[in-house]
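Student: A single structure is presented below for examination.
The values are calculated or read from the model by the stated rules, or taken from the named source; none is laboratory data. Here the structure is a predicted model, which means the values were calculated and not measured. Cβ: placed from backbone, ideal geometry, glycine included. Neighbour counts: every protein chain shown.
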Amino acid sequence: MMTAAPVMERMSGSLRGLIDSRLDTVDRMLLGRLPRSERLDVVRDVESQIYELLEERAGREGEEVSREDVLAVLARLDPPEAYLSEEAEGEVSPRRTGETNRRERSQTASGIKADAAGRRLALISGLLGIVSFVTSLLLLPLVYVFVSVAPSASNVLVLGFWFSSTTTIFVLETLGIVLAVRAGLHRPWSVVGLVLGILGVLAALGLSAFGLFI
């Protein structure tokens with residue numbers, strides 16, 4: 001390896017500062033990714049490469065190394081990021097880790113919100129199924145009570161009450177089925193809403209047909 005002393009003796013402090021700045025950047029790139037000894041070895045290799053290239057470019061004895069010489073040599077080097085990809089391949093940079101963590105936290109928060117919304121939909125579906133199905137079972141006794149309380153009620157009024165009730169049951173049970181599917185059938189309340197919704201829809205259709213013969 002060629003000695004760097006002759007070049008350094010013909011170089012101003014500001015030019016050595018340019019070289020030190022490049023070496024410091026490489027060192028920071030590798031900090032925390034390589035053991036200290038390996039990191040220093042890489043920095044020393046880069047330093048030796050810089051001075052060897054300066055020897056080749058400005059090796060004329062007695063002439064001061066110019067700023068253009070130093071900049072030209074630094075331009076020939078790989079960028080500091082290249083040492084990171086070569087020496088610390090497979091390592092994840094802090095910025096990358098931060099971005100990944102933020103994305104994972106955002107995805108986790110979205111997943112929690114989606115799960116909470118699914119549970120609410122499942123619960124609503126199950127309650128709709130229970131209420132509507134029970135109402136369909138009680139519809140005939142309710143009509144009987146209605147006629148008993150108001151014996152003078154016309155057939156039109158009775159039929160209006162009957163068909164409005166069956167229509168309401170049909171709509172609510174259909175809504176319960178839709179919500180159960182959207183919430184996901186892996187939830188217990190969704191299964192309740194789906195099963196009772198199907199039974200309620202069939203009951204509503206059957207009651208509507210029965211109303212035609214009242």
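Student: Would you mind stating whether Val171 is within 23 Å of Leu138 (Cβ to Cβ), β-branched (Val, Ile, Thr) and in contact with an Asp or Glu (Cβ under 7 Å, 6 or more places away or on another chain)?
Tutor: no
Student: Looking at Leu74, Leu15, Leu23 in this structure, which one is at pLDDT below 85, surrounded by 12 or more Cβ atoms within 10 Å (Cβ to Cβ), out of contact with any strand residue (DSSP E or B) (no Cβ under 9 Å at 6 or more places or on another chain) and outside any loop (DSSP other than H, G, I, E, B)?
Tutor: Leu15
Table: residues versus (1) at pLDDT 80 or above; (2) of a type outside the set (Phe, Trp, Tyr); (3) surrounded by 14 or more Cβ atoms within 10 Å (Cβ to Cβ).
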site: Ala82; (1), (2), (3): no, yes, no
site: Arg95; (1), (2), (3): no, yes, no
site: Asn101; (1), (2), (3): no, yes, no
site: Leu128; (1), (2), (3): yes, yes, yes
site: Phe161; (1), (2), (3): no, no, yes
site: Ser164; (1), (2), (3): yes, yes, no
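Student: Related question: Condition first: under 17 Å from Leu137 (Cα atoms) and either out of contact with any helix residue (DSSP H, G or I) (no Cβ under 8 Å at 6 or more places or on another chain) or of a type in the set (Phe, Trp, Tyr) (or both). Can you find one or more residues in segment 180-203 that meet it?
Tutor: Yes, segment 180-203 contains a residue that is under 17 Å from Leu137 (Cα atoms) and either out of contact with any helix residue (DSSP H, G or I) (no Cβ under 8 Å at 6 or more places or on another chain) or of a type in the set (Phe, Trp, Tyr) (or both).
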